[in-house]
Amino acid sequence: MQLFLLIFRFEWRQFLRQPVQLLLLLFFLLMSVYSLYNGQSFVQKQLTGLDTLTNNQQANLQELISRFHTDTTTAQGKILAQQAGLPKVVEFKAPPIATNPPQALAALAIGQRDLLPYFDIISSKRDILTPPNAEIANPEKLASGNFDFSFVLIYLFPLLIIILSYDLFSREAEQQTDRLLAVQSGAINRILRHKILFRLLLISLLTNMLSIIGFFIHPAAAALHLPDVLLWILVTNTYLIFWFAVCWLMIILRKSSQLNALILIGIWLLLTLILPAITNKFAGLKYPMPLRTELVSNQRQTMTHTWEMPIPQLLKEFYQNNPQYLSLKTDGDTARYGNKRFVAYYDLLGRRMNKNVMEYTTAAAKHNAWLSQMAWLNPVAQMQALLNATAQTGLSDYLYYQNQTSLFQNQWVKLINGYLLSNKKLSLIEVQNLPAFHPAKDQTRTSRILVNTLSIWLAILLTLLIARQIANQIAFKRKNKSTY
């Protein structure tokens, strides 16, 4: 313990006396603060958009309610009174909204929230491929990504770790102080372990302080939960330990400072740029990502074909698929622009499109699943997925939200179709108590994150075992050399 404290005091004084390292640390600190500001600004824009959307829906809903109390002594008032409670008017004026608001840690890791829709307008028409329910891929964002705190952690902090640690032993050897340290302490590796531990604690302290700042700037509407905070701290510190383990392996090899820096930068390029690019290329070859434009084209053709079907045949298929509505069947069902034709049309269109959508989602799921499996081989890719999962901004979180939206839409379709097929209106109380979207919580998220961190810990253990084996071999060779 005495040696431990002595080395820590010495390293802290050495650190303060080196202006270059202080300037580098200040640079990374400023980049981190800016990334937090950038993430918070992005989250605030989405929250503002959701607030505007909610306010507009509330205003439209109040307008619908006011039609039940309109003055029927005027021509305009009579028209509004006749439209009060009509299911088509209710759905047109105030359709329900499914929202996926940013969670408490979204400002720290934006993930794919800038590429995927964060709200959906629910309709009984089951049209998922037209705005605002269509995914928008911004080419600029796809190319550049987001400069958020997760970007700084994943890509920039490893460079800081390399800069502070690459010459930990080689500097002593080049200054010819390594033998003196070995004579005084008896084991230079123990001193080197204390030195790298000092740097690990320093960078970990900086990372945790910046993370705490990010916790405090979380959206007021999103509650900050302790499990998410602990998960974030666990994931980020695990990633830091991995990079320090890589640096420790290079230190044990006893190479020169230039060679250490060159190899560590090469490892950084391999894990952050080259390996992900190769993995994505193989994923595209093994499981090609289907084009969404083909899905849109298929829907247009299906819409035309379904609408041109003879009305009796269309209704026949509808009642076969929905026997619960057989009691509502009448001789006037074949009206060209009747409610039953429209209900039958959208019902059959949805069923036909489900096959194409299922093929698309199955192919996309295979592509994404293969990438997730390959992420176990690359701690950098796994780190990105873990941070997004912790902040609930990843693809899996969006797919879960999308599934909840689909369940809610089924509920809404059943409600509206019941009124349309019965030619009934909604009452004032029913309009005031329309169903709202309340998604269930994903109960498997925490366990999934903990399991996926194991890949990084395995990489850490493997790296440390290799370093230990190399250290033992070097010690054995030196012992034999001294004997002879």
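The values are calculated or read from the model by the stated rules, or taken from the named source; none is laboratory data. Keep in mind that this is a model prediction, so the values were computed, not measured. All accessible areas refer to the heavy atoms of the entire protein, side chains included, with ligands and DNA or RNA removed. Shrake-Rupley method; radii C 1.70, N 1.55, O 1.52, S 1.80 Å.
See the values below:
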{"item": "Set of lysines near residue 316 by C-alpha distance (under 18 Å), chain-local residues within fewer than 8 positions excluded", "result": "329, 340"}
{"item": "Reported label for calculated mean projected area of the Cα convex hull in nm² given [x] 24.1; [y] 26.6; [z] 30.3", "result": "[z]"}
{"item": "Descending principal axes extents, the stretch 219-315, alpha-carbon based, whole Å", "result": "83, 41, 18"}
{"item": "Tilt relative to the chain, helix 275-286 - C-alpha long axis, 0 to 90 degrees, to 10", "result": "40"}
{"item": "Euclidean distance between Cα centres, the stretch 463-478 to the stretch 206-248, Å", "result": "33"}
{"item": "In Hz, Karplus ³J(HN,Hα) per residue of the stretch 336-341 (6.51, -1.76, 1.60; θ = phi - 60°; x = Gly, Pro)", "result": "4, 10, x, 4, 5, 5"}
{"item": "Where 69, 194, 438, 305 fall by accessible area, highest first, once all protein chains stay in place (1.4 Å)", "result": "438, 69, 305, 194"}
{"item": "Residue 20 accessible area, 1.4 Å probe, all protein chains in place, Å² to nearest 10", "result": "100"}
{"item": "Alpha-carbon centroid distance for the pair the stretch 265-319 / the stretch 399-422, whole angstrom", "result": "23"}
{"item": "Per residue accessible area of the chain, 1.4 Å probe, in Å²", "result": "54"}
{"item": "Residue 329 - accessible surface, heavy atoms, 1.4 Å probe, Å² rounded to 10", "result": "130"}
{"item": "Helical contribution to [θ] at 222 nm, DSSP H n ≥ 4, -39,500 (n - 2.57), averaged over the chain, rounded to 500", "result": "-23500 deg cm²/dmol"}
{"item": "Mean separation of Cα contacts under 8 Å (6+ apart) over length of the stretch 275-373, as relative contact order %", "result": "49"}
{"item": "Using alpha-carbon coordinates, inclination of helix 395-422 to the longest axis of the chain, degrees", "result": "10"}
{"item": "Computed accessible area, residue 190, all protein chains, 1.4 angstrom probe, square angstrom", "result": "100"}
{"item": "HN-Hα J in Hz across the stretch 290-300 - Karplus 6.51, -1.76, 1.60, θ = phi - 60°, x for Gly and Pro", "result": "x, 7, 6, 5, 5, 5, 5, 4, 5, 5, 4"}
{"item": "Inverse of mean 1/r across different Cα pairs in the stretch 326-484, Kirkwood, Å", "result": "21.6"}
{"item": "Heavy-atom accessible area ranking, 1.4 Å probe, most first, across 328, 23, 421", "result": "23, 328, 421"}
{"item": "Carbon + sulfur, % of accessible area of the stretch 199-266 - ligands and nucleic acids excluded, 1.4 Å", "result": "79"}
{"item": "Filter on 93/414; 125/441; 88/414 - keep pairs with C-alpha separation over 22 Å", "result": "125/441"}
{"item": "Along each principal axis, Cα extent of the stretch 271-371, largest first, Å", "result": "68, 25, 18"}
{"item": "Kirkwood hydrodynamic radius of the stretch 268-327, from inverse mean 1/r over distinct Cα pairs, in Å", "result": "15.9"}
{"item": "Share of carbon and sulfur in the accessible heavy-atom surface of the stretch 37-86 [1.4 Å probe, %]", "result": "52"}
